[in-house]
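Where a number appears in this text, it was derived from the coordinates with a stated rule and is not lab data. Every value quoted in this text rests on a predicted model; they were computed, and no experiment measured them. Note: ideal-geometry Cβ built from the backbone for every residue, glycine included; neighbour counts use all protein chains shown.
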Amino acid sequence: MDSRHALGAPQRHQGLLNVWNRLYKIGSFYLDLSLKRGPNGAFLVGQVIGAAQKPPALRVTLHAPSYSRSSFITERGNFRIQLPDKGDLELELTLDSETFWVRGLDV
């Protein structure tokens, strides 16, 4: 899945990509992703939504050249991953026995 399937557009400020929110449909769930920036760097914040119980994915992994970070998904479906300074980013999410990729994340 790529940004063409996302609901929502990035917000730009002075030519830099500061924050964005996107909603992806993955299987029978939705993935709500946000780019957040703060004094400690940039973070990808997400929530798997659409189920009454804990989502079947236990962790998500952010991939970039020479960079890989994983995060557990909480019982409410939330996760947070610190982003590298730059790079071609992809998010890997496994739900049940299927793996979904969100490629080309803008940071």
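Descriptive notes on the structure:
- One chain, two ends: residue 101 and residue 30. Fully extended at 0.36 nm per residue, the span grows by 24.3 nm beyond their Cα-Cα distance.
- Taking 25, 86 and counting other C-beta atoms within 10 Å, the order from fewest to most: 86, 25
- Using the Karplus relation 6.51 cos²θ - 1.76 cosθ + 1.60 with θ = phi - 60°, the per-residue 3J(HN,Hα) values for the range 93-107 come to 9, 10, 10, 6, 9, 9, 10, 10, 10, 10, 9, x, 5, 7, 10 Hz, with x marking Gly and Pro.
- Extension gain, residue 37 to residue 58: 0.36 nm times the residue separation minus the Cα-Cα distance gives 5.1 nm.
- Under Karplus coefficients 6.51, -1.76 and 1.60, residue-wise ³J(HN,Hα) of the range 29-41 in Hz, glycine/proline x: 10, 10, 10, 9, 10, 9, 9, 10, 10, x, x, 9, x
- The HN-Hα couplings worked out from phi for the range 58-71 by the Karplus form 6.51 cos²θ - 1.76 cosθ + 1.60 (θ = phi - 60°) are 9, 7, 10, 10, 9, 10, 8, x, 6, 8, 8, 9, 10, 9 Hz, whole numbers, x standing for Gly and Pro.
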